[in-house]
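Peer 1: The following block contains the structure, expressed as structure tokens.
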Amino acid sequence: MNAGPTLLPRTVASQLYLACALAGLAALSIATSSLHFTHRTGVVVEKFHSEAMPGLMIAADLALLVERHRRIVETAPVSMDRQEIDRDRQQSESILERIEELVGVQQAEELDFIRSELPDLRERSRKVLFLAANYAQQRSMDEADSYSSTARRVDAAIGAYRAARLAAAEQDVTEIRSGGRVLMMWVIAALVAIGIVLPAAVLLMRGTVLRLRRITRAMFRLTRNETDLGALPSSDLDEVGDMARAVTVFRDNAVQLNQQRAALVALNQRLDIALANMSHGLSMFDAERRLVVSNGRYAAIYDLPPGLLAPGTCFAEIVTHYCKTGDGPSRAELVAWCEDFADRIAASGGFTETRRLLDGRLIAITYRPIEGGGWVDVHEDITEKRKAEERIARLACEDTLTGIGNRHAFREKIREKITARHDEPFAIHWIDLDRFKEVNDVHGHPAGDALLVAVAERIQAAVRSTDFVARLGGDEFAVIQCQAPSWTEAEPLAMRLVEVIGASYMIDGHALSIGASIGVALSADLVAEDPEVLLHNADVALYEAKAAGRGTHVLFRSEIEKQIRDRRRLEHELRGALVGGEFELQYQPIIDIASREVCCCEALLRWQHPVRGPVSPAVFIPLLEELGLISEVGAWVLDRACAEAAGWPAGVGVAVNLSASQFNTAELLEATEQALARSGLEPGRLELEVTESLLLKDRTETHAALHKLRDLGVGIALDDFGTGYASLSYLRSFPFDKIKIDQTFVRELPERPECLAIVTAVCDMARSLDMRTVAEGVETAEHMAWVERAGCNELQGYHFSRPVSATEILDVIAHCGRRLHKAA
């Protein structure tokens, strides 16, 4: 019963209502015409069920199958999921086979036409799906248009077939209706039955019509891509329920398809953004070596024209573009290379390589194979990165100030040379600049840096191109001299380096003079291949060169190391000399010419070693300065000299030498004040002697310190005058009370008249500046007569007394006074 209304047109309800009314009238004649009507109805119904009904069902199935097939094929070009396309391809073949089965059930002109179109429909659908599976979307869409044309013809044939079956069914119904009118005249007896059955039939038909209307509205909404279909009779178990459930499934598939389409669009947009903003170039090629996708950075790296960026471009064409040269490989050779290269990627599982382009740029490329054939590659222009790495490597081995090698490069070169020393012996010249600190102190660090650059240039000019020059830091340089198996080859270079470095420099308008001490070590003397031993030997030789008076060169010898060990042992012993009470003061009297009396005594530090005996001041005082002990020992000397001078006659003062290293304003002033306070010595009896080396320091601080000392009442004397330079400017700038003329002028007075002229000039100048003069080194009566004639105020030397201990100085003071008065 449910199948009939589903096949009738929209007016079936009205026709059935009329049939019910006529059935009441026909009931009066049912008795006479029932047999005839039954026979005719049976024939018509059998015909309807055997021809019209199967035909309509076949038409409906064919329409549904063709519609499903069209949706599969026409949506394939927009799908990027190859697995989904493969499933669609299988469903397509299954649907076509089902269509072939249905059109073979009955014979009709319309079905014959459908059978004739099926091969074309199959061929075109296969092309669409094949092209879509291989990402040829545009061609797939073009082929889909041809497919749609064929499908429309098939749809039209199905519609014609359905219309023919509906017309046949309508004719059968007409025959039944005609027989029914005859039957109604006779079947009056059936009125009661019709009166009972008719309301039920009306209600049933009305419910069916309402359900079909809801399904019809739902299908119209689906055609507009609306997913809200309202309430459908999906739970009914009849054919209408099946139709409702089919519509619901179709709705779900449409929703899923729309979601997938939206997700695909969003994914493509994100992929495009990511590719466009990548700092590296990216490209992907399929199994046929054709371009699938690339980004702008890839095109920029290889300067690819737009024509080579289209999907489907052969890999060989792209390679030809960025590898083209005037006499490059042929097209066939490039294609063969590309095939081998693709096979290499697949076989290796991916690799990274660096390629240099024709314009010199370096490109790092990482290749990774992809499933199904083909590969993806990432391209990075590492030209600047590689240059930066090279610059960093160069800077790691280069002195930033001078541009020559640094300590790291020097040590690496030593290791390299030692490894090959049996083939090429070499020598190390370890160079330390003399008096460089004075340049920094007087002229500032910029001048010192400029001087280091000039020294580096001179050293490079003095060596051969095969030799290696490095700055080890500060004022230390080194040269690795190749092909120097012995001192015979190494010494000429050492002498040349001392000479060229010691020549005068003109820096910022100032003439500067420095020297160089050089320690030389030979690789031929090494027993083991140890660079540290060779460096130690050069350092030992340099230490000996500096100890020998600087400005010289020394070759390492085993006995030198012993001397240095002795010197370092001496340094160790010197550190404990003050605590051990090994220092003592000796005093040498200074004579006032006018009074013929001792006016002052110079305090001289002596070291009485318990094992070595007396150690020369020329040995241990420089060590005190190097070890940083001079300030502590100097404070002890100042304190001891004041304490011992306090017991001398009131007219006799004490002179204490100050080291330039000791001259710190706060410490020296405090030590002086404490020494005077503890001893009770009058400040006027204390005289502090400074040398010109002190005055090379910062003039402002030194000037302030000297003034503060004079404010205490302490006298200031300039020692060894005439041995330095710019002495006249010092006399003008600093408040000296005395000038001590160096003994070198005094000793040569009898033999060199110019010495007398110099001494006389100094005395006259000092007198005009209200300063006293002291002549050092007076060893004979003749010396005394000459300096007295020159105008000196005070005399000091062995002619009067050698330095004596504190216990003897009082006797010496008295003896000198008696002797001088007697001689006068």
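The values are calculated or read from the model by the stated rules, or taken from the named source; none is laboratory data. Being a predicted model, the structure only gives us computed values, none of them experimental. Here Cβ is always computed from backbone atoms with ideal geometry, including for glycine, and neighbour counts include all displayed protein chains. We work out accessible area using only protein heavy atoms, side chains counted, and drop any ligands, DNA or RNA first. Shrake-Rupley method; radii C 1.70, N 1.55, O 1.52, S 1.80 Å.
Peer 1: For segment 672-693, does any single residue satisfy the condition of being at pLDDT below 85 and in a helix (DSSP H, G or I)?
Peer 2: Among the residues of segment 672-693, at least one is at pLDDT below 85 and in a helix (DSSP H, G or I), which makes the answer yes.
Peer 1: Which ones in segment 648-684 are within 19 Å of T807 (Cα to Cα) and touching a residue at least 60 places away in the same chain (Cβ under 8 Å)?
Peer 2: W648, P649, V652, G653, V654, A655
Peer 1: For segment 550-585, give me each residue that is modelled with pLDDT under 75, open to solvent by 40 Å² or more (accessible area, probe 1.4 Å) and more than 48 Å from the chain's Cα centre (by Cα).
Peer 2: S558, E559, K562, Q563, D566, R567
Peer 1: Could you please give the count of residues in segment 70-105 that are surrounded by 15 or more Cβ atoms within 10 Å (Cβ to Cβ) and not in a helix (DSSP H, G or I)?
Peer 2: 1
Every residue, every condition in (1) over 15 Å from D592 (Cβ atoms); (2) part of a helix (DSSP H, G or I); (3) out of contact with any Asp or Glu (no Cβ under 6 Å at 6 or more places or on another chain); (4) touching a residue at least 24 places away in the same chain (Cβ under 8 Å), yes or no:
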position: A761; (1), (2), (3), (4): yes, yes, yes, no
position: E788; (1), (2), (3), (4): no, yes, yes, yes
position: Y798; (1), (2), (3), (4): yes, no, no, no
position: H815; (1), (2), (3), (4): yes, yes, yes, no
position: K822; (1), (2), (3), (4): yes, yes, yes, no
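Peer 1: In segment 118-139, what residues are more than 19 Å from Q90 (Cβ to Cβ) and touching a Ser or Thr at 6+ places or on another chain (Cβ under 6 Å)?
Peer 2: Result: D120, single match.
Peer 1: Sort out which residues of segment 117-147 are surrounded by fewer than 16 Cβ atoms within 10 Å (Cβ to Cβ), more than 21 Å from R290 (Cα to Cα) and among the polar types (S, T, N, Q), and write them in order of number.
Peer 2: Hit for segment 117-147 is S146, nothing else.
Peer 1: Next question. Against the definition (open to solvent by less than 10 Å² (accessible area, probe 1.4 Å) and not in a helix (DSSP H, G or I)), how does A456 come out, yes or no?
Peer 2: no
Peer 1: Please identify the pairs in which a residue from segment 239-257 that is closer than 19 Å to D88 by Cβ and in contact (Cβ under 8 Å) with a residue 60 or more places away in the chain has its Cβ atom under 9 Å from the Cβ atom of a residue that is open to solvent by less than 50 Å² (accessible area, probe 1.4 Å) and of a type outside the set (A, V, I, L, M, F, W, C), counting only partners at least 6 apart or on another chain.
Peer 2: Going by the 9 Å Cβ cut-off, the qualifying pairs are L257/T75.
Peer 1: Tell me, yes or no, whether segment 337-345 has at least one residue that is farther than 30 Å from D81 by Cα, part of a helix (DSSP H, G or I), in contact with a helix residue (DSSP H, G or I) (Cβ under 9 Å, 6 or more places away or on another chain) and open to solvent by 40 Å² or more (accessible area, probe 1.4 Å).
Peer 2: yes
Peer 1: What are the residues in segment 159-194 that are modelled with pLDDT of 65 or more, of a type in the set (G, A, S) and open to solvent by 40 Å² or more (accessible area, probe 1.4 Å), if any?
Peer 2: A160, A163, A167, S178
Peer 1: Can you work out which of the residues in segment 711-751 that are more than 18 Å from E687 (Cβ to Cβ) and among the basic types (K, R) is modelled with the lowest pLDDT?
Peer 2: R732
Peer 1: So for segment 136-143 (the condition being more than 30 Å from V66 (Cα to Cα), modelled with pLDDT under 80 and outside any helix (DSSP H, G or I)), does at least one residue qualify?
Peer 2: No: segment 136-143 contains no residue that is more than 30 Å from V66 (Cα to Cα), modelled with pLDDT under 80 and outside any helix (DSSP H, G or I).
Peer 1: How many residues, within segment 534-549, are open to solvent by 20 Å² or more (accessible area, probe 1.4 Å), more than 20 Å from P492 (Cβ to Cβ) and either among the charged types (D, E, K, R) or modelled with pLDDT of 80 or more (or both)?
Peer 2: 4
Peer 1: Which one is surrounded by the fewest Cβ atoms within 10 Å (Cβ to Cβ) among residues in segment 353-371 that are at pLDDT 85 or above and outside any strand (DSSP E or B)?
Peer 2: The selected residue is E371.
Peer 1: Would you point out which residue out of L493, L395, L433 is under 30 Å from S661 (Cα atoms) and not aromatic (F, W, Y)?
Peer 2: L433
Peer 1: Can I ask one more? Output the number of the condition that D592 fails; it satisfies all remaining conditions of (1) without any contact (Cβ under 8 Å) to a residue 40 or more places away in the chain; (2) open to solvent by less than 40 Å² (accessible area, probe 1.4 Å); (3) among the acidic types (D, E).
Peer 2: It fails just one condition, (1).
Peer 1: Let me ask something else. Is one or more of the residues making up segment 485-496 outside any helix (DSSP H, G or I), in contact (Cβ under 8 Å) with a residue 24 or more places away in the chain and under 25 Å from A545 (Cα atoms)?
Peer 2: yes
Peer 1: Follow-up question, since we're still on this one. Pull up segment 612-631, narrow it to residues that are more than 15 Å from S659 (Cβ to Cβ) and at pLDDT 85 or above, then point me to the one that is surrounded by the most Cβ atoms within 10 Å (Cβ to Cβ).
Peer 2: The extreme case among them is V615.
Peer 1: How about segment 497-509: which of its residues are assigned to a loop (DSSP other than H, G, I, E, B) and open to solvent by less than 60 Å² (accessible area, probe 1.4 Å)?
Peer 2: A503
Peer 1: I want to confirm something. Restricting to segment 459-480 and keeping residues that are surrounded by 15 or more Cβ atoms within 10 Å (Cβ to Cβ) and assigned to a loop (DSSP other than H, G, I, E, B), which single residue is farthest from the chain's Cα centre (by Cα)?
Peer 2: Among residues in segment 459-480 that are surrounded by 15 or more Cβ atoms within 10 Å (Cβ to Cβ) and assigned to a loop (DSSP other than H, G, I, E, B), the one farthest from the chain's Cα centre (by Cα) is V463.
Yes/no matrix, rows are residues, columns are (1) at pLDDT below 75; (2) in a loop (DSSP other than H, G, I, E, B):
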site	(1), (2)
G230	yes, yes
P233	yes, yes
D236	yes, yes
V247	no, no
A262	no, no
L267	no, no
D272	yes, no
L282	no, no
V293	no, no
